[in-house]
Amino acid sequence: MVLKTTDDPRHVERLASYVKRKVDEASAHGPISSPKLAVLAALNIADDYFRAMDEAREFKRQVATKSRSLLGELDR
């Protein structure tokens, strides 16, 4: 498949590799139709995305809490 994009080709290759890995993981449990395989891989990718977003949100919350604490100590 040929894709036209203005993005860095290495970035696109990295994305394609990630999607292929997710498709391979989804198909590792036995034969499955292509549409179901695509949906399963997409759900797994969405799950990874939402988990990463939750982790980033929690990290930001922790940084903000720690920053407020440190600023409070500096003010004293």
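The values are calculated or read from the model by the stated rules, or taken from the named source; none is laboratory data. Computed from a predicted model, the values in this text were never measured in an experiment. Every residue, glycine as well, gets a Cβ built from its backbone with ideal geometry; the counts of neighbours run over all protein chains shown. SASA here: full protein model, heavy atoms, side chains in, ligands and nucleic acids out. Shrake-Rupley method; radii C 1.70, N 1.55, O 1.52, S 1.80 Å.
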request  = Note down all Cβ pairs under 6 Å where the first residue falls in segment 43-62 and is modelled with pLDDT of 95 or more, the second is surrounded by 10 or more Cβ atoms within 10 Å (Cβ to Cβ) and charged (D, E, K, R), and they're at least six residues apart or on different chains.
outcome  = 44/22; 45/22
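Taking segment 27-49 on its own, how many of its residues are farther than 15 Å from residue 1 by Cβ, open to solvent by less than 70 Å² (accessible area, probe 1.4 Å) and over 16 Å from the mean Cα position of the chain (by Cα)?
5
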inquiry  = Residues that are open to solvent by 100 Å² or more (accessible area, probe 1.4 Å) and modelled with pLDDT under 95: does segment 16-24 have at least one?
reply    = no
request  = Go through (1) part of a helix (DSSP H, G or I); (2) open to solvent by 90 Å² or more (accessible area, probe 1.4 Å); (3) not basic (Lys, Arg) and name the single condition residue 6 misses.
outcome  = (1)
